[in-house]
Amino acid sequence: MSKDFTFIITAEQLARGLRPSKRAPRDSRFLVESKGAIGCDGVICAIDELSRLATTEVTDTFPFPQLFVFTNLILVCGRMKIYELVSDSLSLKYTAAAAGSTWTAVDFYNYVYLSNGREAVVRNPDTGVYSISTTLPKGMSICNFNGQVIVGAPDAVVDGASLSMKAGVIELAVSQQGEWS
């Protein structure tokens, strides 16, 4: 005969959250593991279901497309094109004049500063228009350190994101051995 097992977690116990360390003693009234849920506003909530983003507009090979999830917007970048995710579809916002390496970016709400090593691109926070910047440095990496932008390898000339071998025309010779029936 099996009996149902019921265990009630009170709001006070839930508020303690997950144990801070695996070395926390048993019966210390912390939760041990959370699978498929997160703590939100003092309660356990299910994780939102993620849907696949269609990036068929970006036809560049690895390592593209790049995805940047910022405070107020989401960018998808190809080798030379920058798209914004607007109403679940990609909207082309900028096409670079020169291909560079992978994109790196920082955001300050509606203002975005991107670079691919060959161009520095900014997003105007008022109009949402992307344009090349002649005053900001181009760089291989950009980091927001407590509100201060740090640019790595500024104004360094780069070869670009070429992670695949450049090959010419591939020639193939096919021969048959044996009999075909």
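Here are some notes:
- Counting Lys and Arg as +1 and Asp and Glu as -1 over every other residue whose Cβ lies under 15 Å from the Cβ of Ile47, the net charge comes to -3.
- Cβ-derived FRET efficiency at R0 35 Å, Ile150 paired with Asp126, nearest 0.05: 0.85
- Calculated volume of the Cα convex hull per residue in Å³ (choose from (i) 155; (ii) 140; (iii) 364), label: (iii)
- Using only side-chain charges placed at the Cβ, +1 for Lys and Arg and -1 for Asp and Glu, the dipole size of the range 66-152 relative to its Cα centre rounds to 280 debye.
- Only the Cβ atoms of Lys and Arg (+1) and of Asp and Glu (-1) were treated as charged; on that basis the dipole of the chain about its Cα centre amounts to roughly 680 debye.
- Largest GNM mean-square fluctuation among Val32, Val151, Val169, using the chain with Cα springs under 10 Å: Val169.
- Neighbour-limited loop hits for trypsin sites (Lys or Arg not before Pro), the range 1-50 (at most 14 other Cβ within 10 Å; DSSP other than H, G, I, E, B): Lys3, Lys22, Arg23, Arg26, Arg29, Lys35
- Of the peptides 108-121, 88-101, the ranking by mean beta-carbon count within 10 Å, highest at the top, reads 108-121, 88-101.
- Computed about its Cα centre, the charge dipole of the range 16-96 is approximately 600 debye, with only Lys, Arg, Asp and Glu carrying charge at their Cβ.
- Partners for Lys93 among lysines (Cα-Cα distance below 17 Å; same-chain residues under 8 apart left out): Lys81
- Maximal additional length on extending the Ser175-Arg26 stretch stands at 46.5 nm, based on 0.36 nm per residue less the C-alpha distance.
- Note on Asp48 and Asn72: the model spin-label points, each 7 Å out from Cα along the C-beta direction, lie 1.8 nm apart.
- Sparse-neighbourhood loop sites, GluC sites (Glu not before Pro) in the range 1-103 - DSSP loop, at most 14 other Cβ within 10 angstrom: Glu33, Glu49, Glu57
- Put a dot 7 Å past the Cα of Ser91, heading toward its Cβ, do the same for Arg16, and the two dots end up 4.9 nm apart.
Read the figures in this text as sums done on the coordinates, not as results from a lab. A quick note: this is a predicted structure, and the numbers were derived from the prediction, not measured. Note: ideal-geometry Cβ built from the backbone for every residue, glycine included; neighbour counts use all protein chains shown.
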